[in-house]
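Working notes, structure below.
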Amino acid sequence: MLNDLLTIDSLTRKDVEEIFKLTRKLKSDLKKGKSKPVLAGKTLAMIFHKPSIRTRVSFDVAMYQLGGHVIKMTNEDIQIGKRESIEDIAKTLSRFVNGIMIRTFEHQDVVDLAKYASIPVINGLTDYSHPCQALTDMYTIKEKLGDLSKVKLAYIGDANNVARSLINLAKLLKMELHIASPRGYQPDQEMLKNAPTVKIFKEAKEAVKNVDVVYTDTWVSMGQEEEAEKRKKIFEPFRLDAQLLSYAKPKALVMHCLPAHRGQEITDEVINSPSSIVFDQAENRLHVQKAVLVLLLKKQA
Ligand code: CP
Ligand code: NVA
């Protein structure tokens, strides 16, 4: 296992298998009331430069259930690069806590934090990637459908942080992933190198045809609010509604990392339908991140 979780690209297939195996055990132990405080005495610092409910609550509850503790900070508290350099923040936090989880804009800030910190750093979302989300998504699909190499997943919408992490994980796990995005919002060509299982489609219905799982995310990610009106028009043909879903397999599952903008990228009808597993997916953030925390923080003094 690595020292940090910054992106999916830095993980091996073995790392992912280790995370999934431990997730399964921790989830089952929790449901049986057999959780052990394996991170007793450990502290996780959480830095948020963007809003959050799932990431914030799941990491907090995860540390609590593992016997540890969290400290939450916003940019008002630490003012990265303004009140103090990333280097000095990383070196200071390394003397007090056992790990750092950060949600911010620039991916490079997370890379720099990890470079100067002597403790593990976990990416809780940057403009570039959302590895905790993608790991949870694939774990959830595996839990529902089994062998991931036999599953076809379609991602409809913006090739954003979530999509990039899904692409990298699909590459690693050799899973068939179809992507449909408007022109100008498609994945970078660079990412698609050595990705024989990732296929790009122009039309949403072509991407969805005969898949087992259909996934979407917001058209306007955090930090892109000024582009909201423009994006809403461009993404209109990529809405996940009942008609689009009808092209997938009859029992296809629906996923969304949340928060959802009901009526925009997904309709109420689809997100509320029996096909939707969005809250199982949200719950699994807790279990997957507990595994990540145990694997990264347990060895910390
Ligand atoms: N999916 C996700 O990361 O949710 P939050 O933005 O609420 O943390
Ligand atoms: N792509 C979204 C994901 C939110 C969890 C965003 O970055 O806002």
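Test of the criteria: in the stretch 93-185, which trypsin sites (Lys or Arg not before Pro) are in a DSSP loop and have at most 16 other Cβ atoms within 10 angstrom of their Cβ?
K174, R183
Which three extents, in whole angstrom, do the alpha-carbon atoms of the stretch 52-144 cover along their principal axes, largest first?
Ordered largest first, the stretch 52-144 gives principal extents of 46, 31, 24 Å.
Dipole of the chain, Cα-centred, from +1 at each Lys and Arg C-beta and -1 at each Asp and Glu C-beta, to the nearest 20 debye?
Computed charge dipole of the chain: roughly 1220 debye.
Roughly speaking, what is the stretch gain from K36 to D88, that is 0.36 nm per residue apart minus the C-alpha to C-alpha distance, in nm to one decimal?
15.3 nm
How far is the Cα center of the stretch 46-108 from the Cα center of the stretch 121-188, in Å?
Spelled out, the Cα-based centre of one part sits 24 Å from the other.
Lysines within cross-link reach of K232: Cα-Cα under 19 Å, excluding same-chain residues under 8 positions apart?
K232 reaches K202, K205.
Under 8 Å for C-alpha pairs, at least 6 residues apart: give me the relative contact order for the chain, rounded to a whole percent.
Value for the chain: 20 percent.
Taking amide H positions as placed in the peptide plane 1.01 Å from N, state which residues far from M73 in sequence (5 or more) or on other chains have amide H under 5 Å from it.
Excluding prolines and chain starts, which carry no amide H, the hits are M46, I47, F48.
State, as an integer percentage, the relative contact order of the stretch 1-72 based on alpha-carbon contacts under 8 Å between residues 6 or more apart.
32
Any idea what the relative contact order of the stretch 171-252 is, in percent, if you count C-alpha pairs under 8 Å spaced at least 6 apart?
Over the stretch 171-252, the number comes to 34 percent.
Greater than 26 Å separation of Cα atoms is the criterion. Which listed pairs, K209/K233; K42/K72; K142/K299; K115/K174; K50/K152; K144/K290, meet it?
K142/K299; K115/K174; K50/K152
How large is the dipole of the stretch 196-301 about the Cα centre if only Lys and Arg carry +1 and Asp and Glu carry -1, each at its Cβ, rounded to the nearest 20 debye?
Using only the charged Cβ atoms, the result is roughly 480 debye.
Taking one equal scatterer on every alpha-carbon of the stretch 172-301, how large is log10 of I(q)/I(0) by Debye at q = 0.11, 0.22 1/Å?
Debye curve over Cα of the stretch 172-301, log10 I(q)/I(0) at q = 0.11, 0.22 Å⁻¹: -0.47, -1.38.
Once every DSSP H run of n ≥ 4 in the chain is given -39500 (n - 2.57) and the sum is divided by its residues, what mean residue ellipticity at 222 nm do you get, rounded to the nearest 500 deg cm²/dmol?
Value at 222 nm, helices only: -12500 deg cm²/dmol.
Only loop residues by DSSP count here, and only those with at most 15 other Cβ atoms within 10 Å; note down the GluC sites (Glu not before Pro) in the stretch 159-260 that meet that.
Filter output for the stretch 159-260: E203.
So for the chain, considering every pair of alpha-carbon atoms, how many percent are separated by more than 37 Å?
So the portion of pairs separated by more than 37 Å is 13 percent.
Dipole of the stretch 234-293, Cα-centred, from +1 at each Lys and Arg C-beta and -1 at each Asp and Glu C-beta, to the nearest 20 debye?
240
So what's Rg/Rh here for the stretch 153-247, counting alpha carbon atoms and using the Kirkwood radius for Rh?
Reported Rg/Rh, Kirkwood definition of Rh: 0.95.
For the stretch 231-301, count the residues as N, evaluate 2.2 N^0.38 Å, and divide the Cα radius of gyration by that value, please.
The value comes to 1.50.
Non-local amide H neighbours of L253 (under 5 Å, H modeled in plane, Pro and chain starts lacking H): which ones?
Amide H neighbours of L253: V213, V214.
Coordinate-derived values only; no laboratory data. Because the structure is a prediction, the values reported are computed rather than measured. Quick reminder, even Gly has a Cβ in these numbers, built from the backbone with ideal geometry, and neighbours come from all protein chains shown.
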